[in-house]
Each structure stands twice: as structure tokens, then as C-alpha cells.
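I have placed the structure first, in the form of C-alpha cells, so that the comments after it can refer back to it.
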Amino acid sequence: MSQSNLFGTDGPSQNDASEAARQAAALRAQLHHHAHCYYVLDDPQIPDAEYDRLFRELSALEEAHPELRTPDSPTQRVLGRVLDGFATVKHAVPMLSIRTETDTEASGAAAFDARVRRELGLTPQDPPVEYAAELKFDGLAINLRYEQGVLVCAATRGDGEVGEDVTQNIRTIGQIPLRLNGDAPPVLEVRGEVYMRRDDFELLNERQREKGDKTFVNPRNAAAGAVRQLDPSIAAQRPLSFYAYGLGEVQGWDVPGTHSGLLDALIRLGLPVCHHRAVAQGAEGEHGLVAFHQAMGRQRDQLPFDIDGVVYKVNRRDLQDTLGFVTREPRWAVAHKYPAQEELTQVESIDIQVGRTGKLTPVARLKPVFVGGVTVTNATLHNLFELRRKRVRVGDTVIVRRAGDVIPEVVGVVPGERPAYVPNFKMPAQCPVCGSDVVREPAEVNHRCTGGLFCAAQRKQALLHFAQRRAMDIEGLGEKLVDQLIDGGLVRTLPDLYKLGLLKLAALDRMAEKSAQNIVDALEKSKQTTLPRFLFGLGIRHIGEATAKDLAKHFGQIDRIMDASVEQLLHVNDVGPIVAQSIRTFFDQAHNREVVEQLRAAGVHWEEHEPGTVDPTTLPLYGLTFVLTGTLPTLSRDEAKAMVEAAGGKVAGSVSKKTHYVVAGAEAGSKLDKAQSLGVPILDEDGLRQILLNGPAQSPGV
Ligand code: IVH
């Protein structure tokens with residue numbers, strides 16, 4: 001068929017129309033598949049540009065043949081209109097809530113288990129009850145209704161009986177399939193939580209702050225606001241995520257007999273289910289609820305999203321039915337909380353902190369308060385404008401939020417509790433640390449000290465930035481030591497660090513010889529680094545870890561980066577005019593080039609490579625040695641070798657203590673025996689493919 005027919009200019013014949021329908025269906029299927037790989041599996045199989053191309057092709061087809069546009073078409077995700085209000089939806093099955101166990105200690109889980117056992121009439125001799133344990137996501141509950149596998153309606157919980165129709169906005173969430181995989185039942189309602197990841201939330205607020213717009217209090221509010229946004233194009237700019245955890249109405253589907261089985265089935269249908277879940281036996285013991293609560297409590301800060309607790313559900317559905325409901329809560333489920341991430345406290349004073357780039361940040365000194373698992377005494381107020389908008393003054397009662405490893409912040413003031421008279425906070429005209437003038441560029445929200453590295457605060461922050469784990473990773477070079485080094489005049493610039501000997505360090509106040517030696521060793525160790533770490537550590541404005549990696553990959557060598565023009569820098573992935581100019585300005589300063597030279601002269605080194613090639617140290621198998629033996633089912637020896645090497649690994653001919661993995665196929669001989677006797681991990685072809693995809697599960701001691 002010709003291109004012109006496809007786009008309807010010649011008046012399509014019957015055949016053209018069915019060909020177009022076939023093509024549209026094929027494109028939709030491909031796009032669904034790739035959206036699932038991208039959003040749900042986090043494992044894209046085609047480049048974004050290719051996805052966009054397929055998407056445009058489908059859009060053009062639908063444009064020419066509007067009758068081919070289906071509600072599950074990926075083109076329909078973001079095309080809603082601005083609404084006057086939301087229609088209401090009566091839930092076919094009420095959306096219930098769960099009882100909350102407020103006791104955040106282990107006893108909370110034990111109390112629930114004891115209640116379940118009592119209700120089920122179990123005696124202490126009966127085996128433990130099996131539970132599905134999962135996370136309690138801090139977002140908002142949504143009911144997704146699929147008919148014949150197609151998403152037809154998404155509704156909020158509302159009062160549990162009647163919710164709001166937010167289908168338009170929910171369609172913008174890439175993780176939510178518009179069509180289910182496989183044989184879909186006539187009706188399947190999937191329930192779960194819409195939430196915003198912490199990094200997406202921080203970015204969103206950062207953007208809001210830069211525009212001088214109102215920021216959101218926490219990810220939950222930002223998510224709820226986005227879902228209930230009447231303009232879907234605004235909703236589409238608020239990055240939301242989703243996890244499924246239950247069912248609503250079901251027709252014509254064989255619901256699995258256990259909750260854990262249900263979640264597995266939802267995954268197969270293409271829905272995102274959080275992998276932090278477990279099947280627990282009773283409350284106590286290695287596989288009990290308490291162990292899950294504690295393990296997740298330890299991981300809570302590192303999770304990419306907020307949770308306010310965990311949820312336990314009796315795993316067997318027949319037992320759930322036996323237990324039934326009390327008023328509006330199931331007897332078979334409970335939420336077991338963690339300490340809150342938001343608390344109230346009082347502002348005792350407002351100080352100014354000077355950052356690495358000279359930015360002056362107002363910081364609230366707080367009456368100590370336990371938030372998100374730690375005691376907080378300071379919280380950022382970001383900038384003068386944010387402080388004014390929130391109307392924070394000394395003496396106010398404020399809401400403090402601390403989640404993950406994000407800096408605690410004041411998110412709002414509790415109205416009506418302000419003392420009689422407190423003067424408005426003012427930004428100082430001189431830097432409180434070095435006395436240099438403070439300026440604010442007209443289009444900027446931030447005030448800055450103009451002192452540069454003359455300012456001790458900026459020098460301290462520059463050192464801490466350089467030494468941090470994600471940069472040069474100089475263990476032990478923390479705030480206290482940096483204060484001593486700068487205030488004592490021992491270190492002025494980064495290269496001075498490498499001139500510190502044992503004697504100078506040991507002479508510092510409260511520094512034992514052993515600790516001084518540890519610092520010397522850490523400095524020595526830090527000299528062997530990578531180009532991205534070094535670049536990031538220099539603290540060039542706007543150069544985060546990701547940009548440092550992109551720059552290193554693109555140019556391969558520091559000298560090329562130092563000499564690159566703005567024009568050349570703009571060719572790097574994700575580098576725009578502001579970032580390019582910032583790099584150029586940094587390296588235009590002779591003293592900054594001097595810092596790089598002196599650091600190199602002090603012995604700081606890394607591997608350089610040809611432009612455009614990957615820094616080998618960033619590859620998943622970097623530093624690992626493999627030995628191949630025997631015949632693999634589908635890969636030839638050369639193919640396997642090439643794959644290992646492409647992932648940064650080395651392939652050796654014989655097994656020794658230095659071998660990290662042996663890949664063994666059929667008729668493997670003495671090498672396999674040797675690996676077994678040395679305790680070297682042995683992989684089959686599947687294991688090799690796993691490790692090539694995901695890297696080693698845990699570091700085998702490299
Ligand atoms: S199950 C009948 N599981 O917590 C059981 N809820 O009051 C219905 N939530 O409104 C809920 N994570 O928004 C369930 N893994 C999880 C959850 C979860 C968060 C929310 C949900 C619900 C509230 C329960």
C-alpha cells in the first residue's frame with residue numbers, strides 16, 4: 001500500500017482501511033509492550049527516539065482514520081480536556097480502609113497475629129498463620145476498572161461508596177497499563193496507590209521554587225493534587241507512579257487463592273506491584289511479621305518513595321472470608337506504622353548558612369523533635385521568598401518534614417500560635433561568615449555571598465563536597481575535621497589536602513595518632529578514582545553526578561573537557577546552555593585549572609579513554625574475572641567471552657583464587673573441579689545472562 005493511501009488522500013478503499021486497522025493494532029501492541037518494559041519493568045528495550053517514532057506513526061494513522069482511535073491507544077494518555085469538575089462514580093464494591101496499629105514497636109504485629117488466631121479459633125498448638133506482608137504506600141487509593149482488558153475508568157476512593165472519575169489524569173501515568181496483558185476477564189477492578197517518588201517530588205518542588213511558585217508540602221499532597229487536577233496537561237507534568245495491591249469488582253476471573261498469588265497474577269497482567277513484599281509465617285521468628293516490619297524500617301530511608309508503615313494481610317482468601325469485616329474494616333488486614341515523617345515543633349531562631357556556591361540559605365533552629373526516625377534540630381527554609389510565602393517567624397509552631405536522606409525542611413506554619421510581636425526576617429547585606437557583599441541576581445531567588453573561595457564557609461563546603469562518598473570518597477574527612485583544617489589555615493584549596501602529613505594531622509586538637517593515620521590512608525586511597533567522580537568532586541555549578549558521567553563518557557579525557565567550547569559542550573547528552581556556560585566559566589579561571597593540575601601532580605589519577613566510549617570502571621562487571629569452561633547451551637565460547645568483555649569483565653584461561661566466577665556448560669572438566677574446591681561461584685548460561693543484565697548480586701569481594 002502506498003503512503004498517500006495510508007494517510008487518506010486518495011480516498012481509502014475497503015482494503016486500505018483494513019490494512020490501516022491492522023497496522024494501528026500492531027503499533028498499539030508494540031507501544032504497549034515497550035511502555036510496559038519502560039515504566040513497569042524499568043528495562044527499556046528500544047531507545048526513546050524509536051518509541052517516539054512508533055508513537056508518531058500511530059498518531060498519524062489515527063489522524064487519518066479517526067475511527068481507529070481506541071480508548072486504550074497510547075496516544076490517548078494525555079489528550080483529555082479541561083474539566084469543570086469531576087463526575088462521580090459509585091464503587092461496585094466499596095473501597096474500605098484498614099485498621100491502623102499505632103503501636104510502632106514489634107508488639108503491634110504480635111497483637112494483630114494474636115487477634116487473628118483468636119478469631120480463627122486457633123490454639124497455640126496450631127501452626128503459624130500465613131500472611132502477605134507489603135508496604136503501606138503514602139499516596140492515594142485508586143480503583144482501576146478494566147473491561148475486556150481495557151482501562152475504562154479510574155476513580156478515587158472518595159467516601160468509600162462514591163468516588164470521583166479521574167480517568168483522564170490517571171491515563172497520564174505511564175506505569176498504568178491502558179490494556180492488560182494476556183487473556184483479560186470481562187471485568188477486573190484493580191486497586192492500588194498512586195504516589196509520587198521522592199526524587200520526582202524534589203524536582204517538582206525545585207522547579208516550583210525556581211519559578212517562585214508555591215511548593216508542595218509532601219509527595220502525598222503533590223500526588224493528590226495532580227490526580228485531582230482538572231487540567232490534564234498540568235497533571236501530565238506531575239510525575240506520578242502506581243503500585244497495585246488489591247481488587248474491586250471481578251467478573252469472569254479465577255481469583256487466586258492467596259493474596260501473594262493475586263499479586264503475582266497482577267504482575268502477569270502487566271500491573272506494577274512493589275517487590276518489597278514477603279510471605280510471613282506468624283508474628284515471630286526469622287520469617288515472621290516482626291522481622292518484616294524491622295527489615296523494612298531499616299530500609300525505609302533508602303526507598304525511593306515514602307511509606308508510613310507496612311500492611312499485613314492474611315494470605316489465604318478462604319481465611320479472609322471467614323474473618324470478614326467489622327464495620328468498614330477487614331479483620332484480616334492491618335497497617336503497622338512507623339514513626340511519622342512530619343511533626344510539629346517550635347522555631348527558636350533563624351540562621352543563615354553559606355553553601356558551597358555561596359548560596360545563603362535561611363535555616364530554622366528548632367526545638368529538638370523526633371521525625372522520620374531521627375532527632376531534628378535544624379531545617380531548611382530554602383530561600384527568602386519561600387520563607388516569606390510560608391510566613392515563618394521565630395517562635396512559630398511549624399510542621400517539619402524529614403523523609404529519606406533528604407535534608408529536613410519546614411513545610412508550613414500552624415496558624416494562630418504566633419507570639420505577640422516578632423520582626424520579619426531579613427537577609428543580611430554582608431556574608432555572616434566572611435563579610436563580603438551579598439547579592440541577588442534579578443531573575444534569581446537565591447542570595448549569594450560574593451566572597452568565593454575567600455569565604456571560609458565556601459571553602460569548607462567545597463572540601464566536604466570533594467571528599468563525599470559519591471565524589472572522591474575520603475573516609476573520615478567530615479565536618480569537624482574540615483572546620484579544623486580551614487579554621488586552622490592548614491588547608492586553603494583542594495590540593496592542600498594531599499599535602500597533609502601524619503604530623504600535621506596528629507597535631508590537631510583531639511586527634512589520636514591512629515585516626516590521623518586513617519585519614520592519611522584514606523587520602524592515599526582516594527587518589528585512585530574515576531573521571532566522573534573527580535569531575536563531580538570539583539564542585540562546578542550545575543554539574544551533578546549524572547552530568548559528570550555524561551561529560552566523562554562524551555570526552556573521555558579531562559583535558560578535552562577543560563578545553564571544550566560551549567558549542568562542543570552542548571553536544572553532550574542533557575547539557576544545555578546554562579550547564580555548558582558554567583563548565584566553560586569554571587575552566588576559564590586560571591586558578592581552577594591550576595587546582596586540577598596540582599591534584600594530578602599530587603597523584604590523583606583515573607583511567608582515560610577515547611571520546612564517546614564508555615568509562616570501563618562504570619561497567620557492571622568491571623574488575624571481575626571470569627573463566628569459561630564446557631559447552632554452553634546456546635552461546636559459543638567466543639560469544640560468551642565477547643559479552644563478558646563488553647560488560648567490562650575479563651576472561652581468564654585458568655581458575656585461581658583471583659577468579660570471581662566460573663561459567664560452566666556441558667562436559668566441563670578440571671576447571672569446574674578446581675572452582676568447586678576453591679569455592680568460586682559457578683554460573684550456568686542463565687546465570688551469566690542474569691549477571692550481564694543486573695551485575696553481580698553482591699560484591700564477591702572486589
Ligand atoms: S489494602 C481492604 N494495601 O492505606 C483493604 N492499602 O486504610 C484495603 N494503602 O486507603 C486497603 N498501601 O490508600 C492496602 N499495601 C496496601 C496499602 C494500602 C497503602 C492505603 C490505601 C488505603 C489505606 C488503608
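Taking the Cα-to-Cβ direction at residue 276 and at residue 102 and moving 7 Å from each Cα, how far apart do the two end points lie in nm?
About 2.4 nm separates the two model spin labels.
Rank these residues by their accessible area, most exposed first, probe 1.4 Å: 245, 622.
622, 245
Projecting each Cα onto the charge dipole of the chain (Lys/Arg +1, Asp/Glu -1 at the beta carbon, about the Cα centre), which of 39, 410, 154 comes out farthest on the positive side?
410
Looking only at segment 490-534, which residues have a backbone nitrogen under 18 Å from a spot 7 Å from the Cα of residue 473 in the C-beta direction?
518-534
May I ask you to list, by number, the DSSP H helices of the chain whose Cα span along the axis is at least 30 Å and whose average Kyte-Doolittle hydropathy reaches -1.0 or more?
14-35
Quick one: if the Förster radius is 22 Å, what FRET efficiency do residue 199 and residue 440 give, using the C-beta to C-beta distance and rounding to 0.05?
So the FRET efficiency works out to roughly 0.20.
I need the calculated FRET efficiency for the pair residue 92 and residue 370, taking r as the beta carbon distance and R₀ as 35 Å, to the nearest 0.05.
0.25
Calculate how many DSSP beta bridges within the chain are antiparallel, expressed in % of all such bridges and rounded to the nearest 5.
Here the antiparallel bridges make up roughly 85 percent for the chain.
Counting only DSSP beta bridges with both residues in segment 369-527, what percent are antiparallel, rounded to the nearest 5?
90
How far apart, in nm, are two points set 7 Å out from the Cα along the Cα-to-Cβ line at residue 499 and at residue 213?
5.0
Around residue 471, what is the net charge, scoring Lys/Arg as +1 and Asp/Glu as -1 over all other residues with Cβ under 10 Å from its Cβ?
Local net charge: +1.
Given the whole protein assembly as supplied and a 1.4 Å probe, what does the accessible area of residue 338 come to in Å², nearest 10?
Its accessible surface works out to 20 Å², give or take rounding.
Place a +1 charge on the Cβ of each Lys and Arg in the chain and a -1 charge on the Cβ of each Asp and Glu, then give the dipole magnitude about the Cα centre in debye, rounded to the nearest 20.
About 1920 debye.
For the chain, what is the relative contact order in percent, using Cα pairs closer than 8 Å and at least 6 residues apart in sequence?
Relative contact order for the chain comes out at 8 percent.
Can you work out the FRET efficiency for the pair residue 284 and residue 325, with r the C-beta to C-beta distance and R0 = 30 Å, to the nearest 0.05?
0.65
Quick one: which of 527/553; 214/367; 460/650; 367/390; 136/553; 390/549 span more than 29 angstrom between C-alpha atoms?
460/650; 136/553; 390/549
Give me the distance in nm between label points sitting 7 Å out from Cα along the Cα-to-Cβ direction at residue 605 and residue 568, one decimal.
2.4
I'd like to compare 368-379, 265-276: which one has the highest average count of other Cβ atoms within 10 Å, and what's the full order after that?
So the peptides 368-379, 265-276, ranked by packing, come out 265-276, 368-379.
Hey, what did segment 431-527 get for relative contact order, percent, Cα under 8 Å, at least 6 apart?
21
May I ask you to rank 427, 562 by accessible area, largest first, using a 1.4 Å probe over the protein chains only?
Heavy-atom accessible area, descending, gives 427, 562.
Quick one: what are the phi-derived ³J(HN,Hα) couplings along segment 390-402, Karplus 6.51/-1.76/1.60 with θ = phi - 60°, whole Hz, x for glycine and proline?
7, 6, 7, 9, 4, x, 5, 8, 10, 8, 10, 10, 9
The values are calculated or read from the model by the stated rules, or taken from the named source; none is laboratory data. As the structure is a prediction and not an experimental result, all values here were calculated from the model. Because the Cβ atoms are built from the backbone with ideal geometry, glycine has one as well, and the counts that use them run over all protein chains shown. The accessibility values were calculated without ligands, DNA or RNA, using every heavy atom of the protein model including side chains. Shrake-Rupley method; radii C 1.70, N 1.55, O 1.52, S 1.80 Å.
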